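What follows is one structure encoded as structure tokens, with my remarks underneath.
The values are calculated or read from the model by the stated rules, or taken from the named source; none is laboratory data. Everything quoted here is computed from the prediction, not taken from an experiment. Neighbour counts run over all protein chains shown; Cβ positions are idealised from the backbone, glycine included.
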Amino acid sequence: MNKFVFCEVLVLLKVCTGTQKTLNIHGKKSVDCSEILRNDPSVKGSNGVYTIYPDRTNAKKVFCDMTTNGGGWTAIQKRVDGSTDFYRTWKEYKEGFGNPSHDYWIGNDVVHQLTKNRPQKLRVGLQRYSGEKGYAEYSHFAVGNEDSKYKLTLSGYIGTIGNSLDIQNGMMFTTKDQDNDELGSINCANRYFGGWWYKACHATNLNGLYAKSALLDPKYNTWKSWTSNHEAFKTTVLMIRPVRF
């Protein structure tokens, strides 16, 4: 079982509540979870909420996976219990919302900042209500700035769940109040109750509605290439980490 702790990276100290540890990290403000792990290797294996500084100035609380494939992953999306509504406005997706210890979206501006800083890979982790788990990894993942409508660029798929996200490659982000998809007069975000890189409309809708069971409906948080239908998942997580880690 993973050990969860709640950590804060400060200018001079990293303090982890739930442990007896206080460590000097020489005033460094970590831009992401990989830097937190590099600055303090002892947090390896300690998944939890940490504070990062994507632009070296402004703090952002995020969920860090410090266990999967060596750790150092920054979660940009996490859904475990349906406690947060993902049918949100452009501004909310831009700034981020939710609680990183449960369900949250990190914010499109932060995703852009992190993928602009250094080349990133993306890992998608899914769990079905049956308990089965699967993943997809992309060796290159980037999101443009707001002027580009947070355009998605990705490549280099490997994994066990199929390449559903490739259909959204090159698309701009769409929300219920800003339609950037390819479906003409129909807004895919309004049809499928999420904010996403919709095309016309999707083969995966991980920011769609959350179900309490494995319902079959494209309005839910689905990834069609794994289940061959639009099955809702129990948990989803999108995580990024620098390619050179």
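Just a few scattered comments:
- Residue within the range 124-133 that is among the aromatic types (Phe, Trp, Tyr) and more than 24 Å from Asn187 (Cα to Cα) present: yes
- Residue in the range 155-169 that is of a type in the set (A, V, I, L, M), in contact (Cβ under 8 Å) with a residue 40 or more places away in the chain and assigned by TED's automatic domain parsing to the domain that holds Asn205 present: yes
- Check on Lys219, buried (at least 18 other Cβ atoms within 10 Å of the Cβ) and touching a residue at least 12 places away in the same chain (Cβ under 8 Å): no
- Under the condition of being part of a strand (DSSP E or B), among the aliphatic types (A, V, I, L, M) and in contact with a Ser or Thr (Cβ under 8 Å, 6 or more places away or on another chain), the residues counted in the range 61-77 number 1.
- The range 48-93 - residue that is buried (at least 19 other Cβ atoms within 10 Å of the Cβ) and of a type in the set (Lys, Arg) and, of those, nearest to His112 (Cα to Cα): Lys60
- Residues of the range 234-245 that are surrounded by fewer than 22 Cβ atoms within 10 Å (Cβ to Cβ) and either under 17 Å from the mean Cα position of the chain (by Cα) or under 16 Å from Tyr129 (Cα atoms) (or both): Thr235, Val237, Pro242, Val243.
- Wholly within the range 78-193, strands (runs of 3 or more DSSP E) carrying at least 1 residues that are among the basic types (Lys, Arg): 120-127, 133-143
- Any hit, the range 123-134, residues being hydrophobic (A, V, I, L, M, F, W, C), surrounded by fewer than 19 Cβ atoms within 10 Å (Cβ to Cβ) and touching an Asp or Glu at 6+ places or on another chain (Cβ under 9 Å): no
- Odd one out for His202, checked against (1) over 19 Å from Met171 (Cα atoms); (2) touching a residue at least 12 places away in the same chain (Cβ under 8 Å): (1)
- Failed item in (1) of a type outside the set (Lys, Arg); (2) under 22 Å from Gln120 (Cβ atoms); (3) buried (at least 17 other Cβ atoms within 10 Å of the Cβ), with Ser139 passing the rest: (3)
- Qualifying residue in the range 183-198 (condition: touching an Asp or Glu at 6+ places or on another chain (Cβ under 6 Å), small (Gly, Ala, Ser) and either closer than 25 Å to Phe141 by Cα or buried (at least 20 other Cβ atoms within 10 Å of the Cβ) (or both)): no
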